[in-house]
1. Here are labelled values, [x] 48; [y] 35; [z] 42, and one is the computed percent of Cα pairs over 27 Å apart for what I pasted. Which one?
2. How large is the dipole of region 1-88 about the Cα centre if only Lys and Arg carry +1 and Asp and Glu carry -1, each at its Cβ, rounded to the nearest 20 debye?
3. If you average the sequence gap of Cα pairs under 8 Å that are 6 or more apart and divide by the length of the chain, what percent do you get for the contact order?
4. When you count, for each residue, the other Cβ atoms within 10 Å and take the mean per peptide, how do 8-21, 76-89 rank with the highest first?
5. Near residue 112, within a Cβ-to-Cβ distance under 11 Å, what is the net charge of the other residues, with Lys and Arg +1 and Asp and Glu -1?
6. Give the ranking of 176, 26 by solvent-accessible surface, highest area first, calculated with a 1.4 Å probe.
7. Would you work out what percent of the accessible area of region 21-174, with all protein chains in place, is carbon or sulfur (probe 1.4 Å)?
8. With all protein chains present, calculate the accessible area of residue 122 using a 1.4 Å probe and round the result to the nearest 10 Å².
Amino acid sequence: MEESRGIPTPTRDDENFWNVVMTPVEPAWSEPSDDDTFTMDEQVLDAVRALAERISTRARAYRTAGRPFDAALTAAPDVQLATLRALFEAKCSVDRLAESAATAAGRSGASYTQLGAAWGGIKRQSARLKWPHAVVKRSAGESVPLRYAGGSAVIHHDPDADAWWYTATAAEGQAEESEAVHPTSAEAIARATEFLLTHARPASPRSA
């Protein structure tokens, strides 16, 4: 695509990888096509149906009886109610993931104007109300809190080394403390975010 030309694409073994990664590109995205949105609908529906079958009382009865859950059974009003409950959980998941993405972007330098534009074009003030802690004004050297992928981290500045480091506890409980080797807070935030995402909470086992 036209807007992707000229954008550097370093690999992880390049010494300037993080400097390039933490420098925003414009535009940050292209508008999704109808095919993109239809595909997203299908993928969301697949996830919602899987959850609805796990929580549906009728579907559980079929599993207990050792009988297949025929697709025609989804027409039952109680199964549709279970689907509606699963859709609510999907909405909650989107809200949690959006907060994580907004916080990671905001703590790395994105403005509320940019966050609002990404969230369907809402106003800067609305983005601030939606994610009040995503963008923080801080003085040089001030610690930066971060929540992402169910975990949390704090990015610190070491004035003696004039470098940044982080402490992080991921959703699955694993903790990490980095060395004070990151030249900018943005790079330390990126490394902490990567750690939190890598050690996000594992998927819950399917209920019987």
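The values are calculated or read from the model by the stated rules, or taken from the named source; none is laboratory data. Quick caveat: nothing in here was measured; it's all calculated off a predicted structure. Reconstructed Cβ throughout: ideal geometry from the backbone, glycine too, with neighbour counts over all protein chains shown. Just so you know, the surface numbers come from the protein's heavy atoms only, side chains and all, with ligands and any DNA or RNA stripped out. Shrake-Rupley method; radii C 1.70, N 1.55, O 1.52, S 1.80 Å.
1. Checking each listed value against the structure points to [x].
2. Values: 9 positive and 16 negative charges, 223 e Å.
Computed about the Cα centre, the dipole is about 1080 debye.
3. Values: 252 pairs, mean separation 30.7, N = 208.
That works out to 15 percent.
4. On the way: 8-21: 11.4, 76-89: 14.8.
Output ranking for 8-21, 76-89: 76-89, 8-21.
5. Numbers: positive: 123, 124, 128, 130; negative: none.
Net local charge, residue 112 excluded: +4.
6. Numbers: 176 70, 26 130 Å².
Result, largest first: 26, 176.
7. Values: 5630 of 9950 Å².
Using a 1.4 Å probe with all protein chains present, region 21-174 comes out at 57 percent carbon and sulfur.
8. 50 Å²
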